[in-house]
Ligand SMILES: [Zn+2]
Ligand SMILES: [Zn+2]
């Protein structure tokens, strides 16, 4: 009866009422929130949107990762007269963060645990530090952390090399001043 009257009038019966909205829980177990999209709550959905993973978590960088971010690998080519130059060991990698009172790079492995940057680089590249030995910079650049430019030597050898480096530098400077004397 009703239906026929509607047909005559050209009107359709009102749409079925939609079932009441019942929020579904986020599909991540242990998450107390309700779904907004793709089965996830706003928090997990936005992680999926940004990182492609609803469970994305920031992983803190390792000390080595933090260390190498502070290094400029496009440093100068070692000066003529240095062992690094003679051996063709490539450019210096310059420490570009904090520097200690003696002009060496300083790196904090964990808060309060500071080490010299070149010594940490030596260890990162597989070297084993010996307390009785010194790390010599073959390039004579204290801020360099290129492991190829670092060699562990006896204190005496280190002194001998420092002396040699001074002689070579003086020689190079005097040759620049008096080119004909060469
Ligand atoms: Zn969630
Ligand atoms: Zn160097």
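Worth pointing out:
- Listed peptides 143-151, 62-70, 120-128 by packing density, highest first (mean Cβ within 10 Å): 143-151, 120-128, 62-70
- Helix axis angle, 155-177 relative to the chain longest principal axis, alpha carbon, degrees: 80
- Normalised contact order of the range 63-181, rounded percent, pairs of Cα under 8 Å and 6 or more residues apart: 23
- Semi-axis lengths, Å, the range 43-108, gyration tensor of Cα atoms, sqrt of 5 times eigenvalues: 40, 16, 8
- Per residue of the chain, the DSSP helices (runs of n ≥ 4 H) give a summed -39500 (n - 2.57) that works out to -9500 deg cm²/dmol at 222 nm.
- As a ratio to 2.2 N^0.38 Å, the alpha-carbon radius of gyration for the range 81-143 is 1.18.
- Gyration tensor (alpha-carbon) shape descriptor, the range 117-182, a/c threshold 1.5: prolate
- When the P(r) is computed for the chain, the part past 26 Å accounts for 59% of the Cα-Cα pairs.
- Degrees separating the helix 42-51 axis from the principal Cα axis of the chain, which is the longest one: 50
Coordinate-derived values only; no laboratory data. Just so we're clear, the structure is a prediction, and the values are computed from it rather than from any experiment. Counting neighbours? That spans all protein chains shown, and the Cβs are built from the backbone with ideal geometry, glycine included.
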